[in-house]
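What follows is a short report on a single structure.
The values are calculated or read from the model by the stated rules, or taken from the named source; none is laboratory data. What you are looking at is a predicted structure, and each value in this text was computed from that prediction instead of being measured. Backbone-built Cβ (ideal geometry, glycine too); neighbour counts: all protein chains shown. Only protein heavy atoms, including side chains, enter the accessible area calculation; ligands, DNA and RNA are left aside. Shrake-Rupley method; radii C 1.70, N 1.55, O 1.52, S 1.80 Å.
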Amino acid sequence: MSKALLVLGSVSSILFSNVALAQAPNIEGNWKMSFTGESITPTYTIIQRGSALTGTFRSPMGELPLTGIVKGNKVNFSAKFNGRSLGFSGTVNGETMNGIADLPMKGRRSWTASKY
């Protein structure tokens, strides 16, 4: 009987740890971004519901609606400007993020962001 409980306890620990790993990190809040080779430092506000992201991206282009998703430590979001999409993909590490941005007329740029 005790071996069965030990096995059951081990299996449930593994299952619960996998569920915790699969959950999206909480990235809701205000972020400041910088790009490699660019002097602009846009900010954005993220509202998070589960893995779904919405919010506002603020840059010299104005305030743009933001939508995206976070899964595990991977984040993808975009903002629309004049019918073009600014795309961001990256990795979340606590209060920081970094990744690659696809920017119309600028091409691909590395980016970093810090929560403030």
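Summary table
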read-out: Residues of segment 32-55 that turn out to be in a loop (DSSP other than H, G, I, E, B) and either in contact with an Asp or Glu (Cβ under 8 Å, 6 or more places away or on another chain) or in contact (Cβ under 8 Å) with a residue 12 or more places away in the chain (or both), as a count; value: 7
read-out: Matching residues in segment 95-116 - criterion: being in a loop (DSSP other than H, G, I, E, B) and either in contact with a Pro (Cβ under 7 Å, 6 or more places away or on another chain) or free of Cβ contacts under 8 Å to residues at least 60 places away in the same chain (or both); value: Glu95, Pro104, Met105
read-out: In segment 18-66, the residues that are modelled with pLDDT of 95 or more, open to solvent by 80 Å² or more (accessible area, probe 1.4 Å) and touching a Phe, Trp or Tyr at 6+ places or on another chain (Cβ under 9 Å); value: Lys32, Glu63, Pro65
read-out: Enumeration of residues in segment 73-87 that are over 13 Å from Pro42 (Cα atoms) and either at pLDDT below 95 or in a strand (DSSP E or B) (or both); value: Lys74, Val75, Asn76, Phe77, Ser78, Lys80, Phe81, Asn82, Gly83, Arg84, Ser85, Gly87
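Yes or no, residue by residue, for (1) in contact with an Asp or Glu (Cβ under 6 Å, 6 or more places away or on another chain); (2) polar (S, T, N, Q); (3) surrounded by 14 or more Cβ atoms within 10 Å (Cβ to Cβ):
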residue	(1), (2), (3)
Val70	no, no, yes
Ser78	no, yes, yes
Pro104	no, no, no
Gly107	no, no, no
